[in-house]
Structures are given as C-alpha cells and as structure tokens.
Amino acid sequence: MTRLRARAAGALALLLLCSSALAAAAAPPGAGTAPGAQVFLVQNSGWMEPFYSDPASPYKALVTALVVAATTPGAPFVLASFNQSLPQAPSPKALLSARAGAATGASVAQALASLQPAVKPSGTALADTDLGEALGAAIDSALGGKPGLVWLFTNNRNSPNNDQATARRNREFYERIHQGGAITRALAFPLKMPVKSARYSANGLMVYVFAVGAQGASELDALLASGRIATVITERPARLKPLDRDTVRLVPRRVERSEGVGFSLTPAGVLRADIDDALAPTAKIAWNLENTMYPYTIVSAHLVASSLLADQERPIVLARDRITALAPGSSVPLGSVMQLPGNDLPSAWSLQAVKAAGSAFVLPGQIELRLTDQKLALSQVFRDRMAALFPGDPLPDIFTPPERIKASTALLPLEVRVHYGMAPLIALIAAALVAAGALVATALAVGRPRKAVVTVDGEARTMRTRAGLTQPIFDKAGRKVGQLHTTVFGSRLIELIEGAQVTLGR
C-alpha cells in the first residue's frame, strides 16, 4: 500500500505541476488542431550519478538542445526529473512547465542547473529507477490521455528497489510500449556519452521518444522529417513500434515493355504512370526492396503484392515470393509485372476525357506489398553497439520483436494519369458549331416572309405568310373553303371542303 500511495503521489504531483502548460494546448475556437504537448523526462536516479558529477558531462546540454529542437514556438511542454517514487519523494517531479519560445533554451538550462541525483528519504542512499512508472505518469497524468510526445533520457538502468532482475523489469517496460494502445510510435536513440565519477562510470545514454495518439505519431513524423532533431542527434533512431507497417520500401529502378506508358517517382514519393491512351499495356517494373526497419533483420518473409486502382484490386506478379536475411538499410532487387487499368478507364469520348483534353485524367491508387510469415531478429551490428554503450545491461534483449507480430505491410502511393488527345474535343466543338449554324439557318428560314399564289374559283390571289402559319381561304361568297399551311419547306392546301375550286399556284 505504501508503494501504491507513493506512485499515486508522484503522478498527482506531476499532474498538478503540469496542468497549466497542458491546459494551454487547447486551441482557440476556429484555430484548428493545436499541436500536442511534449513531456521531457530526465532521469536523476543513482545510476545517473556520473552524468551529473563528471565536469565534462554533456548530459544537461544535450537535454537543453533537444528541448529547443523538438518544440515549436507557442507549443506547451513540460520538463520533469524522474527516478523511483517513494513516500515523501514523488517521481516524476516537474521542473518546468511553459510554452516554447525564444527563451526556451535559457529556461531549460536554468531548470536543470541545480538538478542532482536524488537521494532516498530514508538516508543517504541514491534513488533507484523505474522507467515504466515514469512513462506511465507522463502519459496518464501529464498528457492526461491527450495526443503528444514523451521524451525519456536514461542510461538504461531499470531496477526499481535496486532489483537485480533487470531483464524482467526491462521486459515489463517493453511490454508497456508494445501492448499499450496509447503509444502509437516509439523510437530509441542510443548515444555514445562516456562519463566517469568516483562511484560509477558509463559509456552511453539512451534517448526514447514515444508518440501518444494518431496526432502524436503524425507530429513525430513531421518533426523527424524537418531535420531539427538531426541537428542535435546524428544517430539514426532504432524503431520500437510499430513493427507491422512501413517495414520495407519499394524504389523503382527500371521499367521495361511499357510502350505508351511512362513511369516516374515524384518528390513526394508517389509512383506516377503517364498513359498516352486508354489501352495501357502490361509493365515490367524492376524494384529495389529496402529494409527500413532499423535495427531489425528480416530473417524471412513471404511476399505478396497488389495494386488498387479504379476501385479494383489487381495482383502484381513478383519475380520472387520470399526474402531472407535482409539486414536493416540493405536492399535486394525485385522484379514485377503490373497490369494498369485499360477497359476501366473512361472512353476517349466520355465526359471525363473531354474535360481532361489537353491535360490528364488522374486516377489515384496505391501499391501494397504484404509480408507474411515474417520473422525478425535484432541485427548483430546493433547488439554489438548496445553492448559497447551499455556493457552488462540486458536491455538490448527487450528489442526482440513480440511473437504476435508475424506480418507487415508497405504502401506506395500510385497515380495513373491518362493523357487524352484533342481530337474528340475538336470533333465535339465542330459538331456543336454545325448544330449552332443549323439552328441559326432554321431560325432565319422560319422568320423569313413568304408569298403563296392561291387560285380560288379561277381567280388568282397572292397570300403573304410565314413558316409555321396556317391561314384560312375564302371564296367569293365569303365561305371558308380551306386553309393554307406553310412550313420551311413550302406551302400546301389543307382542309379543303368538297367541291371547292381551289388550287395552289396560277
């Protein structure tokens, strides 16, 4: 019960101290989606003592630089220290709660200046470490379940109550990452940072970043793509989560037998197929299949590929259906035969084609590559690096992929652009002009005055008329003996009474 109360006190302390910054994350009405908050957890347990006491330690400077690089002006962030929560010694403990701005670096440096390794309340013994407790408090209390990023700076010593069963503790920490639905993406940056003191020495530091929620994952992707983190940490990140998507990348190398089709890769990473007409041939595409899942080697996996266009899924025939021993960052050639839509494309005489004349009719889609029966293993190069940075630490074992992850997918956006000629449009324009001319001619013919000579009882009469008119004809006695009906093609007599002496013409 004492342990539980200590954890609750630590979470409550962090929540109360961070509430002002996280409340600021709410966007004003009409301002759109506000950037998520970021929490920076700085370990100050006993195992971190040389990082604080070594005069040459760059630990605090690294934390300061990373906070500045990771935050954007106006976005809320929280800086907190952590070790292991005990009665009268809550953990994590907020050091700074603010919005990022021009003074962020100075504020963080000032907050860290007096931070030293924590001491247990019972005496002079240095505090232990609980990585899972700190991560849980940041997600559940500091972020309050809202999207955001959690950064964690640690020497990878995870031993609550000085528990020597660190492998089990590490596994608990790792399971929280993989089984926790709140964490959508997790990366680790193993850094070389040799420090030494009278008590301990260390070779490396681990920086974790955890994205919470879909928005957090998007913000982490954007942050990494911006290059700001790379100005502080030049090491590539090791992926912890997800391990079931975007594990490989397809890069087109060469296209064969594609008469009438031109392929290109846009700067945004979209494969574009430009078709000159609606009869698209089969294209033979050679790819490079690259393992993007550092630090994992794809020991083996079965490959299946398909394309989705015009609401129809079409299989892609691959030259190989299995890959083996594909190390992170390495690639293997992969041939394929892909059929682009032909009969499914709009006809050259369709409204879509006429509208696209002179430009292109765009059909968006995607190529999906599925890896099934997937077996992953931590690369030996990464194991060796971790052993050098964290000697004697079993933490690299927790990078072992969960058994439940047996498949992954990789998507490549595809855009088919059909270029229709101008002939159908010109023909339709010409037809429209002919029709308009006929209408004008008809209108003129209808409106033109006409004359018709009608002979009644031997007497010739000239009647003035127009197309579309029907006029009565009377004899000398004033009786109606018939009618004259006029069209654009001429006049004729209608409704003549029996015995009437009426003829058309003289």
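The values are calculated or read from the model by the stated rules, or taken from the named source; none is laboratory data. Just so you know, these numbers come straight off a predicted model, no measurement behind them. Backbone-built Cβ (ideal geometry, glycine too); neighbour counts: all protein chains shown.
Considering each of Ala186, Ala167 in turn, give the residue that is at pLDDT below 95, in a strand (DSSP E or B), under 24 Å from Ala387 (Cβ atoms) and assigned by TED's automatic domain parsing to the domain that holds Leu66.
Ala186
Name the single residue that is nearest to Ala283 (Cα to Cα) among those in segment 387-415 being at pLDDT 70 or above and part of a helix (DSSP H, G or I).
Here is the first cut: in segment 387-415, the ones at pLDDT 70 or above are 387-393, 399-415.
Then keep just the ones that are part of a helix (DSSP H, G or I); that gives 387-389, 399.
Values: Ala387: 47, Ala388: 48, Leu389: 49, Phe399: 40 Å.
In this case the residue turns out to be Phe399.
What's the total number of residues in segment 213-230 that are among the acidic types (Asp, Glu) and on the phi > 0 side of the Ramachandran plot?
Kept after step one, since they are among the acidic types (Asp, Glu), are these residues of segment 213-230: 219, 221.
When the remaining residues are screened for being on the phi > 0 side of the Ramachandran plot, the result is none.
Counting residues in segment 213-230 that are among the acidic types (Asp, Glu) and on the phi > 0 side of the Ramachandran plot gives 0.
Counting only residues that are in a strand (DSSP E or B), more than 16 Å from the chain's Cα centre (by Cα) and surrounded by fewer than 14 Cβ atoms within 10 Å (Cβ to Cβ), which one in segment 243-261 is modelled with the lowest pLDDT?
That would be Glu256.
Restricting to segment 32-89, and then to whatever is more than 23 Å from Ser218 (Cα to Cα) and among the hydroxyl-bearing types (Ser, Thr, Tyr), can you tell me which residue is modelled with the lowest pLDDT?
Among those residues, the one meeting the criterion is Ser85.
Looking at Phe51, Phe77, which is the one that is outside any loop (DSSP other than H, G, I, E, B), surrounded by 23 or more Cβ atoms within 10 Å (Cβ to Cβ) and more than 33 Å from the chain's Cα centre (by Cα)? It would help to see each step written out before you state the result.
Details: Phe77 fails: more than 33 Å from the chain's Cα centre (by Cα).
Matching residue, one of Phe51, Phe77: Phe51.
Being without any contact (Cβ under 8 Å) to a residue 24 or more places away in the chain and either out of contact with any Lys or Arg (no Cβ under 9 Å at 6 or more places or on another chain) or closer than 20 Å to Tyr208 by Cα (or both) narrows it down to one residue among Ser107, Ser141, Ser97; which is it?
Ser107
Return the total of residues in segment 307-339 being within 24 Å of Arg236 (Cβ to Cβ) and small (Gly, Ala, Ser).
Looking only at that region, the number is 5.
This table checks each residue for (1) loosely packed, with under 12 Cβ neighbours inside 10 Å; (2) modelled with pLDDT of 80 or more; (3) in a helix (DSSP H, G or I).
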site	(1), (2), (3)
Arg417	no, no, no
Leu425	no, no, yes
Leu428	no, no, yes
Ala432	yes, no, yes
Ala438	yes, no, yes
Leu444	yes, no, yes
Ala452	no, no, no
Thr455	no, no, no
Pro472	yes, yes, no
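Of these, Thr64, Thr72, which one is of a type in the set (S, T, N, Q) and in a loop (DSSP other than H, G, I, E, B)?
Result of the check over Thr64, Thr72: Thr72.
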